[in-house]
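**Q** Provided herewith is a single structure, encoded as structure tokens, for subsequent inquiry.
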Amino acid sequence: MAYLEISDLKTYFTKNGGSVFAPAVEVIRAVDGVSLSLEKGEILGLVGESGCGKSTLYRTIMQLIRPTAGSIVLNGENLALLPPGEIRRRRLDFQMIFQDPYASLTPRMTVFSTLAEAIKQRHPSISKAEIAQRVDHLMETVGLSPALQRKYPHEFSGGQRQRIAIARALAPQPKQVNADDPVSALDVSIQSQILNLLKKLRAELQLTMIFITHDLGVVRYLADRIVVMHSGKIVEEGEAEALFRNPRNDYTKKLLAAIPKLSAAV
Ligand SMILES: Nc1ncnc2c1ncn2[C@@H]1O[C@H](COP(=O)(O)OP(=O)(O)OP(=O)(O)O)[C@@H](O)[C@H]1O
Ligand SMILES: [Mg+2]
């Protein structure tokens, strides 16, 4: 069995018609029978047009939304069956990196406080000396000088802030990290630095990651495997390079053709 195994996962939302002419309850099948597996240390690229269900899929995997049906088995344990009291604790196993690092960091907290708080979520009774050591190490891991840890988020550049957000995600020692378009707001040169950092972390820490993006060039560079979602379902899945060279599904072909710089490069 794979490290993370998702079987026939369904997350449905219900929406009232909202008018007397449409009183019926509408069902939105945001995730509609998704099965996928992830090995430890693997980066899975998740692509698909806006509204296809990417965020709902990772939110369900992270137990932020309970699935309508299906199973999420992490390291041999079915999370969909956990009692509600357990779920909060298990959320620590999943951490996120977002598009806008500034929004995901607390402006009034120094980098040290942000990282210390995240470390304490996992280890509530950890000593001050141990926290200090771990914060230094996290800073180094993401390529920042530990000397900067008493600064505030606004004192950093966008790329540095994304490094801090990555350190924050790593601090509670998650089993899996999800990234929702984490480089699209950055300059191209900074984008590649962050992607290289993620590659390095994957190699060093065996980081297991679902990486969501609208930029197919980014997943091609970073992901081992790519999953293409459309209307809540997986329509194509394959090894990254093979999928780019030989897309089989019409929707994937359209997605690739919609990216001018890519169609020129392929
Ligand atoms: N909490 C919710 N309640 C009702 N409908 C929702 C909710 N969250 C998402 N949806 C609907 O589920 C579908 C999938 O949304 P989702 O946010 O997962 O798409 P996405 O692929 O992440 O899109 P984007 O690329 O724009 O971020 C959409 O139709 C959306 O309107
Ligand atoms: Mg989304």
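The values are calculated or read from the model by the stated rules, or taken from the named source; none is laboratory data. Keep in mind that what you see is a predicted model, and the values were worked out from it rather than measured. Ideal geometry is used to build each Cβ from the backbone, glycine not excepted, and the neighbour counts take in all protein chains shown. The protein model used for the area step is the full one, side chains on, heavy atoms only, and it has no ligands, DNA or RNA in it. Shrake-Rupley method; radii C 1.70, N 1.55, O 1.52, S 1.80 Å.
**Q** Give me the lysines in straight-line cross-link reach of Lys40: C-alpha distance below 19 Å, same-chain residues under 8 apart excluded.
**A** Lys175, Lys199, Lys200
**Q** Name the residue from Thr56, Ser7, Ser37 whose Cα lies farthest towards the positive end of the charge dipole of the chain, charges +1 on Cβ of Lys and Arg and -1 on Cβ of Asp and Glu.
**A** Highest projection toward the positive end goes to Thr56.
**Q** How much accessible area per residue does the stretch 76-218 have, in Å², with a 1.4 Å probe? The partial results should precede the final answer.
**A** Details: 6770 Å² over 143 residues.
Here the per-residue accessible area is 47 Å².
**Q** Quick one: net charge around Leu64, please, counting Lys, Arg +1 and Asp, Glu -1 for every other residue with C-beta under 15 Å from its C-beta. If you can, show how the numbers build up before the last one.
**A** Working: positive: Lys54, Arg59, Arg66, Arg88, Arg89, Arg90, Arg91; negative: Glu86, Asp93, Asp180.
Neighbour charge sum, excluding Leu64 itself: +4.
**Q** Got a number for carbon plus sulfur as a percent of the chain's accessible area, 1.4 Å probe?
**A** On the way: 6650 of 12840 Å².
With neighbouring chains kept in place, the figure for the chain is 52 percent.
**Q** If you average 1/r over all unlike Cα pairs in the stretch 4-260 and invert the result, what Kirkwood radius do you get in angstrom?
**A** Working: mean 1/r = 0.0515 Å⁻¹.
After inverting the pairwise mean of 1/r, the radius is 19.4 Å.
**Q** Set Lys and Arg Cβ to +1 and Asp and Glu Cβ to -1, take the dipole of the chain about its Cα centre, and tell me which of Met229, Tyr251, Pro84 lies farthest positive.
**A** Result: Pro84, furthest along the dipole toward the positive end.
**Q** Relative contact order for the chain: what is it in percent, counting Cα pairs under 8 Å that are at least 6 residues apart? Mind showing how you got there, number by number?
**A** Values: 478 pairs, mean separation 67.0, N = 266.
Once normalised by length, the contact order is 25 percent.
**Q** Quick check for me: using +1 on Lys/Arg Cβ and -1 on Asp/Glu Cβ, what's the dipole size of the stretch 148-201 about its Cα centre, in debye to the nearest 20?
**A** Values: 8 positive and 4 negative charges, 64 e Å.
The calculation lands at about 300 debye.
**Q** Quick one: putting +1 on the C-beta of Lys and Arg, -1 on the C-beta of Asp and Glu, what dipole do you get for the stretch 123-266 around its Cα centre, in Debye to the nearest 20? Write down the numbers at each step before the final one.
**A** Working: 19 positive and 15 negative charges, 17 e Å.
Its charge dipole is roughly 80 debye.
**Q** What's the magnitude of the charge dipole for the chain around its Cα centre, counting Lys and Arg as +1 and Asp and Glu as -1 at the beta-carbon? Answer in Debye, nearest 20.
**A** Working: 33 positive and 27 negative charges, 112 e Å.
My answer is approximately 540 debye.
**Q** Also: Between Thr114, Thr14, Thr56, which gets the highest mean-square fluctuation from a Gaussian network model of the chain, Cα cutoff 10 Å?
**A** Thr14
**Q** May I pose another question? Search the structure for amide H atoms under 5 Å from the amide H of Arg225, placed 1.01 Å from N in the peptide plane, and list their residues when 5 or more places away or on another chain.
**A** Ile43, Gly45, Ala240
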